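Reviewing the structure listed below.
The values are calculated or read from the model by the stated rules, or taken from the named source; none is laboratory data. None of these values were measured; they are calculated from a predicted model. Heads up, the Cβs are rebuilt from the backbone with ideal geometry, glycines too, and the neighbour counts pull from every protein chain shown. Protein only, heavy atoms only, side chains kept; ligands, DNA and RNA dropped before computing areas. Shrake-Rupley method; radii C 1.70, N 1.55, O 1.52, S 1.80 Å.
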Amino acid sequence: MHLFMTLALLAATPEAVVLKPVANMYAQPAEDAEVVSQAIYGTNIGVLETRPGWLRVRTPDDYSGWMPAGDLQRGAGYAISGRVARVESLFANIYHEANVTKRRPLVTVPFETRLEVVAEPDQDSHWLVVRLPDDRSGWLQRGDISFDSQPLSVAAAIELGRRFLGLPYTWGGTSSFGYDCSGFTQMLCRRRGALIPRDADVQAAWPGVVPVKREELKPGDLLFFGSGADHITHTGMYIGEGKFINATTWTRPVVQICDLGEPHWTRLLVACRRLK
């Protein structure tokens with residue numbers, strides 16, 4: 001089974017589908033509560049609990065939190081069978097018709113959004129017709145998507161990571177609208193075929209990784225930072241030559257490449273891991 005089909009099915013009985021381009025998950029059922037994670041457009045999620053105007057949900061990466069009920073549509077799963085495309089552009093506009101100038105987009109969706117393709121009018125055309133989670137039809141430019149779900153090599157994953165340089169750091173972020181450190185590392189590992197946990201400290205303790213010494217680091221290894229091995233608060237991916245890529249607020253709140261030799265990072269590095 002392909003990786004992204006596996007992701008779609010991880011919530012064994014999807015009970016709701018995300019309708020916002022990026023939907024926040026909160027620690028409590030209130031929009032002034034801490035954002036703990038996010039789910040992107042079309043994601044199938046499980047519903048754990050309901051309160052007036054709110055649903056406590058579980059996402060395919062086994063993370064739970066509260067979402068406004070209006071951000072979701074209850075019902076059957078989306079894009080779990082048939083012809084499914086995945087957005088490969090950092091953002092993709094979906095239009096009312098096969099024209100970018102006549103009307104504003106129906107919706108702008110982030111990288112990795114999965115969409116049901118219902119028509120390909122001409123194999124040489126630049127456009128596809130997709131069915132959206134709310135059952136509307138939209139037109140998507142073929143250059144924004146891919147049908148290939150094969151895992152990436154380490155080199156390809158690092159090259160992918162460079163595409164996000166300069167995108168904003170967002171606490172709780174898991175999309176190209178803004179990543180946090182563990183959301184960004186999780187995405188890079190997911191594209192390599194490894195479904196690692198959501199939070200940095202849990203990633204470091206995950207049984208799918210093994211410890212590695214700093215002097216033995218190879219590109220693709222995961223780095224973990226904090227005040228101690230029992231208090232990990234940050235993560236990134238090593239890319240070679242003493243550098244690593246990460247979403248961080250250090251010096252600039254963006255996805256950036258940092259130098260492991262800088263005193264700030266040397267002081268905070270507490271663990272290195274390699275995917276099994």
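Net charge near Gln150: determine it from the other residues with C-beta under 11 Å of the C-beta of Gln150, scoring Lys and Arg +1 and Asp and Glu -1.
Taking every other residue near Gln150 into account, the sum is +1.
Give, as ranges by residue number, the residues of the range 179-215 whose backbone N falls under 18 Å from the point 7 Å along Cα→Cβ of Glu262.
In the range 179-215, the label zone of Glu262 (backbone N under 18 Å from the point 7 Å along Cα→Cβ) covers 179-182, 184-185.
Under 5 Å between amide H atoms, partner at least 5 residues away or on a different chain: which partners does Thr233 have, H built in plane at 1.01 Å?
Phe225, Gly226, Ser227
If I model a spin label at Ser64 and Lys102 as a point 7 Å from the Cα along the Cα→Cβ vector, what separation in nanometres do I get?
4.7 nm
Could you work out how far helix 181-191 tilts from the main Cα principal axis of the chain, as a 0 to 90 degree angle to the nearest 10?
Compared with the principal axis, the helix lies near 70 degrees.
If amide H atoms are built 1.01 Å from N in the plane of the peptide, which residues on other chains or at least 5 residues away come under 5 Å of the amide H of Lys243?
For Lys243, the qualifying residues are Leu260.
Using a 1.4 angstrom probe with every protein chain in place, what is the largest-first accessible-area order of Leu115, Leu19?
Largest accessible area first, the list is Leu19, Leu115.
Rounded to whole Hz and in sequence order, give me ³J(HN,Hα) for the range 151-161 from the Karplus expression 6.51 cos²θ - 1.76 cosθ + 1.60, θ = phi - 60°, writing x for Gly and Pro.
x, 8, 6, 4, 4, 5, 5, 5, 4, 4, x
Taking the Cβ-Cβ separation of Ala30 and Asp134 as r and a Förster radius of 25 Å, what is the calculated FRET efficiency to the nearest 0.05?
0.45
Which whole-Hz ³J(HN,Hα) couplings does the range 60-77 yield from phi under the Karplus relation 6.51 cos²θ - 1.76 cosθ + 1.60, θ = phi - 60°, glycine and proline marked x?
x, 8, 6, 9, 10, x, 9, 10, x, 4, x, 7, 10, 10, 6, x, 5, x
Cα to Cα, under 29 Å, and not fewer than 8 places away if on the same chain: which lysines meet these conditions relative to Lys213?
Lys243, Lys276
Given R₀ = 25 Å, what would the calculated FRET efficiency be for Arg163 paired with Lys218, taking r from the Cβ atoms and rounding to 0.05?
0.70
Whole-Hz ³J(HN,Hα) for each residue in the range 86-102, computed from phi via Karplus 6.51 cos²θ - 1.76 cosθ + 1.60 with θ = phi - 60°, x for glycine and proline: what do you get?
10, 5, 9, 6, 4, 8, 9, 8, 10, 10, 5, 8, 7, 7, 8, 10, 6
Using the heavy atoms of the protein chains alone and a 1.4 angstrom probe, what is the accessible area of the range 129-276 per residue in square angstrom?
Here the per-residue accessible area is 44 Å².
Which of Ala229, Ser146, Leu48 sits farthest toward the positive end of the charge dipole of the chain, with +1 on the Cβ of Lys and Arg and -1 on the Cβ of Asp and Glu?
Selected residue: Ser146.
Treat every Asp and Glu Cβ in the chain as -1 and every Lys and Arg Cβ as +1, leave all other atoms uncharged, and give the resulting dipole magnitude about the Cα centre to the nearest 20 debye.
Value, rounded to 20: 200 debye.
If I model a spin label at Asp148 and Arg51 as a point 7 Å from the Cα along the Cα→Cβ vector, what separation in nanometres do I get?
Between Asp148 and Arg51, the simple spin-label model gives 4.6 nm.
With the contact rule set at Cα under 8 Å and sequence spacing of 6 or more, what percent relative contact order holds for the range 68-165?
With pairs under 8 Å counted, the relative contact order is 27 percent.
Amide H of Ala271: which non-local residues (sequence gap of 5 or more, or other chain) have their own amide H closer than 5 Å, using H built in the peptide plane?
Counting only residues 5 or more places away or on other chains, the set is Phe224.
Expressed as a whole percentage, what fraction of the accessible surface of the chain belongs to carbon and sulfur atoms when a 1.4 Å probe is rolled over the protein heavy atoms?
Whole-percent figure for carbon plus sulfur exposure: 51.
Rounded to the nearest Å, what's the spacing between the alpha carbon centres of the range 49-76 and the range 195-236? Just the number, please.
Here the two parts' Cα centres lie 29 Å apart.
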